[in-house]
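These notes concern the structure reproduced below.
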Amino acid sequence: MVVVALTKGQTAMERTLIIFKPDAVMRGIVGEVLTRFERAGLKIVGMKMLQPDYDRLHNHYEGIGTLKTRKGTEIFESQLKTMMLGPVIAMVLEGVEAVEFVRKMVGSTEPKAAAPGTIRGDYAHVNYAQPAAAGLGVPNIVHASATTDEAEKEIALWFDENELCEYDAVHNKFTQPKPLDE
């Protein structure tokens, strides 16, 4: 993770992992959703499309997220099955308090409970029971890291350090403010 020296009152820059799930990719709404992150001032520092295998997803959802431990084998396996239905787009976003901010933008994990205006509230509407009856995990558009610790581990799982880019975006002056003497 990038660590930025802070002056009094400044907040740390963070990186977070976003995964556009197969439902977002196959519905053709990735660009529309990605635009929301960029317009909010988040900067893309890494992105790739891939077809994840069972081992990578197991490491992600259980090794880091402890889904199987928390929710049981049936939910865990249905989630992995759903994530292997098609390609995903893994992305690293950077911004001020990016982890919490992205979680707020994404909305509740269960789309039915997600507020209008959030990504899941605007692009998905199912409850947990409907896809579970079909043996699938909930199609909720994106995965977003839950904590900064989780974000660091997830980014390391999905990206090599040389796949992440450092650059100044034109909007940084307004979305990632620094003291004027820098």
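What follows is calculated from the coordinates using simple rules that are stated; it is not laboratory data. None of these values were measured; they are calculated from a predicted model. Virtual Cβ from ideal backbone geometry, glycine too; neighbours counted across all protein chains shown.
Below is a table of values for the structure above.
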quantity	calculated
Loop sites in region 119-172: chymotrypsin sites (Phe, Trp or Tyr not before Pro), DSSP, at most 14 other Cβ within 10 Å	Tyr167
Among the listed pairs Lys68/Lys153; Lys48/Lys153; Lys43/Lys173; Lys48/Lys112; Lys81/Lys112, those beyond 19 Å (Cα-Cα)	Lys48/Lys112; Lys81/Lys112
Estimated FRET transfer efficiency when R0 is 45 angstrom, pair Asn127-Lys48 (beta carbons, to 0.05)	0.90
Contour excess over end-to-end distance, with Cα ends at Ala156 and Thr175 and 0.36 nm allotted per residue	4.3 nm
Helix axis angle, 148-158 relative to the chain longest principal axis, alpha carbon, degrees	70
In order through region 126-132: 3J(HN,Hα) via Karplus (6.51 cos²θ - 1.76 cosθ + 1.60), integer Hz, x for Gly, Pro	6, 9, 5, 5, 4, x, 4
Candidates Val45, Val92, Val138: whichever shows maximal mean-square fluctuation once the chain is modelled as a Gaussian network with Cα springs under 10 Å	Val45
Theoretical ellipticity at 222 nm over the chain - DSSP helices of four or more residues, -39500 (n - 2.57) apiece, nearest 500	-10000 deg cm²/dmol
Nitroxide proxy distance, nm - points 7 Å out along Cα→Cβ at Ala113 and Asp168	4.4
GNM top mover of Ala12, Ala133, Ala98 - the chain, alpha-carbon springs below 10 Å	Ala133
Amide hydrogen neighbours beyond the local backbone of Ser145, cut-off 5 Å, H modeled	Leu17
Unit charges at the beta carbon, dipole of the chain: most positive-side option, Leu50, Ala90, Phe76	Phe76
